[in-house]
Amino acid sequence: MAEPLDKTEPAYEVSDEYRPEPDPIPEPPAWQDGSFRIGIHTSIAGDIAGALDIASKLGANALQIFSASPRMWPRGGTRIADADAARFRARRAELGLGPLVIHDNYLINLASPDRVMRARSIQAFHDELVRAVSLGADFLVAHPGCCMGSETPQAISEIAQGMRQAARGMKLGDLGILIENTSGMGSAVGARFEEIEAILDETRDLPMGVCLDTAHMFEAGYDITTAQGLGRTLETLERTVGLDRVSVLHVNDSKTPLGSRVDRHEHIGRGTIGLEAFGRILNHPRLGPGLQGLAGRAFILETPIDLPGDDRRNVRALWELVGVNPKQAPKAVDGFSMVRRKKSRLVVQRARSAQRKKGKKRGNR
């Protein structure tokens, strides 16, 4: 006869099963430390990892690059070799640069009504995402596109659908996709914040945000040159896309006037926006890294380099505008520039030749 069960033995509980410790909440990237992040678009010519050293030598602690030629359709996706990508990521960690922003190919037009162009653009944008993830980029900046005769609402839907299609099946990790506002040149979509808001509304399944270009804002008709105008612009931004979604600012002065809808960048303080206005923009409590701002928001220069040292001088101008002591700002290498002196002479000669031609035309009137 079997012995009776011990009625004092506790009942089996599922909760007694072993469960591994939950994964720890990941630490935010080092560049989200609440400090100013000032960068510049650097060249990938020769060696893509060299772009990191260029940014460091110019006194920047953030940067933007192209991951491939921006004015050519990539062949076979132009993927980055694993060894090169690993070397890039390691060098970036050594230099402590961040965020890393990648700008997409200028030829991509997800709003194109031409089916062949649109299919090519979707594939090229997919390739941009692949390269950005490979390099460990934080953001991929994308121009919305040009509607080229189609209605804007239709173009917006095409852009959103194209982005979702390009990202389908991908693991984007920590990569964010940023829509850049435009000057409204030609049939470009995205000159109004409401248009960017509409794109974001249709891509809620993607890690989307905004890259705000100061020159494009001004050229599109947003007067950011006065305290009142900047305040009204930021109110409109908050009401539409939301300031917390603006992760990157392209800090560019403009060669053209307010509302010109013509995209022409100028050196900081030498254009129609002006140095005083940039001081307000960089130090505005809703834009800077303070309590009301966004930790790690980057201010990236896309200013021209007409003469050797223009790049270094523009970076230094931003550090001065935010009030960082030169001894505390990242140290630039004296005399370093992305433009060689020989090349700059050619630029100057062409500029002088153009001025002479203009003078002759005026004299003939």
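The values are calculated or read from the model by the stated rules, or taken from the named source; none is laboratory data. Since the model is a prediction, treat every value here as computed from it, not as a measurement. Here Cβ is always computed from backbone atoms with ideal geometry, including for glycine, and neighbour counts include all displayed protein chains.
Listed values, structure above:
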item: Qualifying residue in the stretch 83-95 (condition: crowded, with 23+ Cβ neighbours inside 10 Å, in contact with a helix residue (DSSP H, G or I) (Cβ under 6 Å, 6 or more places away or on another chain), within 19 Å of ALA55 (Cα to Cα) and not small (Gly, Ala, Ser)); result: yes
item: Residue check, LEU97 closer than 23 Å to GLY162 by Cα and part of a loop (DSSP other than H, G, I, E, B); result: no
item: Residue check, GLU13 more than 15 Å from the chain's Cα centre (by Cα) and modelled with pLDDT under 95; result: yes
item: Selected residue (only one of SER150, SER121 is surrounded by fewer than 23 Cβ atoms within 10 Å (Cβ to Cβ), over 17 Å from HIS250 (Cα atoms) and either touching a helix residue (DSSP H, G or I) at 6+ places or on another chain (Cβ under 9 Å) or in contact (Cβ under 8 Å) with a residue 60 or more places away in the chain (or both)); result: SER150
item: Failed criterion for ILE273 (all others in (1) in a loop (DSSP other than H, G, I, E, B); (2) of a type outside the set (Gly, Ala, Ser); (3) in contact with a Gly (Cβ under 7 Å, 6 or more places away or on another chain) hold); result: (3)
item: Filtered residues of the stretch 169-189 (kept if in a loop (DSSP other than H, G, I, E, B), closer than 20 Å to LEU129 by Cα and aliphatic (A, V, I, L, M)); result: MET170, LEU172, LEU175
item: Whichever residue in the stretch 292-337 is surrounded by fewer than 16 Cβ atoms within 10 Å (Cβ to Cβ) and on the phi > 0 side of the Ramachandran plot and, among such residues, is nearest to the chain's Cα centre (by Cα); result: GLY323
item: Residue list for the stretch 35-87, restricted to those being under 15 Å from SER134 (Cβ atoms), small (Gly, Ala, Ser) and outside any loop (DSSP other than H, G, I, E, B); result: ALA51, ALA83, ALA85, ALA86
item: Residue list for the stretch 300-318, restricted to those being outside any loop (DSSP other than H, G, I, E, B) and in contact with a helix residue (DSSP H, G or I) (Cβ under 6 Å, 6 or more places away or on another chain); result: LEU301
item: Residue count for the stretch 21-40, restricted to those that are under 15 Å from PHE299 (Cβ atoms) and of a type in the set (Val, Ile, Thr); result: 2
item: Long-range neighbours under 9 Å by Cβ, at least six apart or interchain, first residue over 16 Å from GLY39 (Cβ atoms) within the stretch 318-329, second of a type in the set (Lys, Arg); result: PRO326/ARG316
item: Only one of ILE38, ILE44 that is under 15 Å from the mean Cα position of the chain (by Cα) and surrounded by 15 or more Cβ atoms within 10 Å (Cβ to Cβ); result: ILE38
item: Single condition PRO285 does not satisfy, out of (1) without any contact (Cβ under 8 Å) to a residue 12 or more places away in the chain; (2) not in a loop (DSSP other than H, G, I, E, B); result: (2)
item: Subset of the stretch 100-129 (residues that are of a type outside the set (A, V, I, L, M, F, W, C) and assigned to a helix (DSSP H, G or I)); result: ARG115, ARG118, ARG120, SER121, GLN123, HIS126, ASP127, GLU128
item: Filtered residues of the stretch 243-280 (kept if touching a strand residue (DSSP E or B) at 6+ places or on another chain (Cβ under 6 Å) and of a type in the set (A, V, I, L, M, F, W, C)); result: VAL246, VAL248, LEU249, VAL251, ILE268, ILE273
